[in-house]
Amino acid sequence: MNIIRQEPKRIVVKVGTSTLIHPNGDINLTSIDELALTLTDLQNRGKEVILVSSGAIGVGLNTLNLFQRPTSIPAQQAVAAVGQTELIGIYSQRFQTYNQKTAQVLMTRDIVDYPQSRFNVVNTLEELLNMKIIPIINENDTVAIDELDHLTKFGDNDQLSAIVSNLTHSELLIMLSDVDGFYSDNPMKNKQAKLHRHITQIDGTIFLQAKGSGSQWGTGGMTSKLKAAKQVLKTDGAMVLANGKHPHIISDIVKGKEIGTLFKEVSS
């Protein structure tokens, strides 16, 4: 059943590190190419697309031939700086193959805390979309510590994607992860876990079903994704959580096919 009644015009796509990095730590070039092709095709169909991408630290680890994430904040920020340069270069090269222009936008927490910063970011994104350019957004890890292994653990790119979706009044946030959607329990440990196809509200019971953390390459977990979905629902938006192994499913999600878990209130 198509619960999304009409195709969205403006879409935010968030890709997790697991979509961009193989389990062995190498860069998944096939996945990145498929993502570039799919988003370019959506753009050619008249959609407005924003990409929120994780992966800076994962790519940085690969570039520097490191096999595990460093523990200190300065080391993580240094790895992120190296990885962000490499990652945006790969994105630029793959999108250019399909004649699609992109722009890098690095954000920090002040886009929420300060009205002028929020105003400037929104204007920049709107202008890029008007120019048919796909913004590629990431948190500025070299100056922000919310997303890194800081004790507060305040934010990550799951939260950032929800913020961007709300700021730009996007009709749909598509969050690609390493799971098929939101389950009643951890499907890797409980074979009886059931996939939720449609969630209309997020309460304590739903949060209790979120277990586990992200991979060694990323920072997010299921709780983080639920928090992002809750932000989206507050503004009457919609979010789909799906497996990012094959990014071409983005097109099917936009068409309203039942893939992953849809977070959306029931329309009256």
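A compact table of results
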read-out: Those lysines that a straight Cα-Cα span of less than 19 Å connects to residue 230, excepting residues fewer than 8 apart in one chain; value: 14, 153, 211, 264
read-out: Ordering of 126-137, 62-73, 10-21, 39-50 by packing [mean C-beta count within 10 Å, highest first]; value: 10-21, 39-50, 126-137, 62-73
read-out: Above-threshold pairs, the threshold being 30 Å between Cα atoms, out of 9/191; 9/245; 132/194; value: 9/191; 132/194
read-out: At 1.002 mPa s and 20 °C, Stokes D of the range 10-263 from Kirkwood alpha-carbon radius, µm² per second; value: 118
read-out: Under the span-like rule (Cα at least 20 Å along the axis, Kyte-Doolittle mean at least 0.5), DSSP H helices of the chain; value: none
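Read-outs: derived from the displayed coordinates by stated rules, not from any lab. It should be emphasised that the depicted structure is a prediction, and the values quoted were computed from it without experimental measurement. Here Cβ is always computed from backbone atoms with ideal geometry, including for glycine, and neighbour counts include all displayed protein chains.
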